[in-house]
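Below is one structure, written out as structure tokens; comments come after it.
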Amino acid sequence: MWNRFARFSFDKFIQNLTGYAATYNGEWWFIRAFIAAILLGTIYYYLTEKIHIVYVETGLVLFISVITVKFLPALIKLDTFSSLASSYLWTQLFMPDTFVCAYLFGIVFGKYDIFASIRSLFSSYSSINRALIGLMLIVSAFYFQEKVFSNLSDMMLIITPVFMTGCILLLDLCKPLCKVMQFFGGLSTNMWLTHTLLISQDFTTQCLKSLLLRPFSKFKIIFFEL
């Protein structure tokens, strides 16, 4: 493990620091998807700034999703564009899979405050009915994830809003819990970017060793999975 320190490369350090590579921790591949989402999301935001029709933007994001998931992967299989398969810029920015598409969909939801409209739609329902509908939506999302859709990532744009609608209907019935989730919601991006450290076996093992075997020494956290 420590041989990697002996073969320290400044170039690799910069590549990992900027997200260009993930040789220190292979589970950090999604940082590049996050950077691609930020870049493409910013471009999308300014290009659609003058659009104020939710159905138009929803259709636009769905169209972009089809292009991203179906068309672009097929494009590089053609001889004319086969060289793009080895292009880092192409693979990271123009083939980001549905993660970036979900990010664009989130922009649409935020721009039009769609969840507020959903709350308004169910505001006249009794608490019991909202709870039942919320539970039904959550169970349906899990059912379709496990039993119906063979490729979950392709259906993320559909499953995620259904699941979130169910969660909102339930959380609105418990204001204290809603405030707790709002707090964690503000930290959700950082939680997403660091969650693999917490589930990494090597990381967890090193933390336990430091806590159990050297309780009186200075606790050092290993930031990268080596």
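Can you put Y143, Y44 in order of accessible area, largest first, using a 1.4 Å probe?
On the way: Y143 125, Y44 15 Å².
Solvent-accessible surface, decreasing: Y143, Y44.
Using the Karplus curve 6.51 cos²θ - 1.76 cosθ + 1.60 with θ = phi - 60°, work out ³J(HN,Hα) for each residue of the range 172-178 in order, rounded to whole Hz, and write x for Gly and Pro.
Along the range 172-178, the couplings run 5, 8, 9, 4, x, 5, 4 Hz.
To the nearest 10 square angstrom, how much accessible area does L169 have with a 1.4 angstrom probe?
Estimated to the nearest 10 Å², L169 gives 0 Å².
Could you run the Karplus curve 6.51 cos²θ - 1.76 cosθ + 1.60 with θ = phi - 60° over the range 179-187 and give me ³J(HN,Hα) per residue in whole Hz, x for Gly and Pro?
Ordered by residue, 3J(HN,Hα) equals 5, 4, 5, 5, 4, 5, x, x, 9 Hz.
How much length is gained on full extension from L78 to L187, taking 0.36 nm per residue of separation minus their Cα-Cα distance?
On the way: separation 109, 0.36 × 109 = 39.24 nm, distance 4.24 nm.
That works out to 35.0 nm of additional length.
Order I31, I128, most accessible first, counting only protein heavy atoms with a 1.4 angstrom probe.
Working: I31 45, I128 120 Å².
Greatest to least solvent exposure: I128, I31.
I'd like the accessible area for S86, computed on protein heavy atoms only with a 1.4 Å probe and all protein chains in place. Round to 10 Å², please.
Its accessible surface works out to 100 Å², give or take rounding.
Using θ = phi - 60° and the Karplus relation 6.51 cos²θ - 1.76 cosθ + 1.60, list the HN-Hα couplings for the range 40-46 in order, rounded to whole Hz, with x at every Gly or Pro.
5, x, 5, 4, 4, 4, 6
The values are calculated or read from the model by the stated rules, or taken from the named source; none is laboratory data. Nothing here was measured: the structure is a model prediction, and the numbers come from that model. Heads up: the accessible areas ignore ligands, DNA and RNA and are worked out on the full protein's heavy atoms, side chains in. Shrake-Rupley method; radii C 1.70, N 1.55, O 1.52, S 1.80 Å.
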